[in-house]
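The values are calculated or read from the model by the stated rules, or taken from the named source; none is laboratory data. Only a predicted model underlies this, so the values are computations on that prediction, with no experimental measurement involved. Methodologically, a virtual Cβ is constructed for each residue, glycine included, from the backbone with ideal geometry; neighbour enumeration extends over all protein chains shown. Accessible surface areas use protein heavy atoms only, side chains included; no ligands, DNA or RNA. Shrake-Rupley method; radii C 1.70, N 1.55, O 1.52, S 1.80 Å.
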Amino acid sequence: MAVLTVDLKNVPINLQGQVIVDAKEYEELKQRADYDRWWTPKDLKERYGHDLRWFKEKILYQPKFKQAMSQCVIPAEGSGGTWQFEPTKFSAFMREEFKEIGNGF
């Protein structure tokens with residue numbers, strides 16, 4: 001990483017309303033914010049690049065994944081319901097079963 005050295009004598013910097021954290025802590029805060037709420041199908045699309053139809057076909061309605069899905073997914077109820085995914089368990093499932101899921105391609 002390049003280093004930039006700047007002499008800021010007599011240059012006011014307004015930090016009111018700002019928080020300065022190191023890069024590692026910033027990444028941890030971003031991840032925590034992402035995992036502190038239930039994911040929706042839109043979140044899955046953003047993370048994995050597939051829509052709900054793909055997840056239903058490849059994972060959610062596959063008998064071999066039924067037990068795992070019961071631990072991390074709440075299916076939509078009725079036509080207006082929204083699927084909910086527990087982020088920590090679902091992302092762990094996706095990592096653990098990556099090869100098996102990929103066999104369907």
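Mind checking which residues of the stretch 17-75 are among the hydrophobic types (A, V, I, L, M, F, W, C), under 12 Å from the mean Cα position of the chain (by Cα) and closer than 20 Å to K99 by Cβ? L44, the sole residue that qualifies.
Cβ-Cβ distances below 9 Å connect no pair with a first residue in the stretch 1-26 that is in contact (Cβ under 8 Å) with a residue 60 or more places away in the chain, a second residue that is part of a loop (DSSP other than H, G, I, E, B) and aliphatic (A, V, I, L, M), and a separation of six or more residues or different chains.
Considering only residues that are open to solvent by 80 Å² or more (accessible area, probe 1.4 Å) and out of contact with any helix residue (DSSP H, G or I) (no Cβ under 9 Å at 6 or more places or on another chain), look in the stretch 67-100 and name the one that is farthest from Q31 (Cα to Cα). The residue in question is S79.
Entry remark, the stretch 7-55: residues being charged (D, E, K, R) and open to solvent by 100 Å² or more (accessible area, probe 1.4 Å) number 10 in total.
Between residues in the stretch 34-49 that are within 15 Å of C72 (Cβ to Cβ) and residues that are open to solvent by 80 Å² or more (accessible area, probe 1.4 Å) and not in a helix (DSSP H, G or I), which pairs lie under 9 Å by C-beta distance while being six or more apart or on different chains? These pairs meet every condition: W38/I74; D43/R37.
Filtered by the rule that a residue be part of a helix (DSSP H, G or I) and of a type outside the set (F, W, Y), the stretch 30-45 gives K30, Q31, R32, A33, D34, P41, K42, D43, L44, K45.
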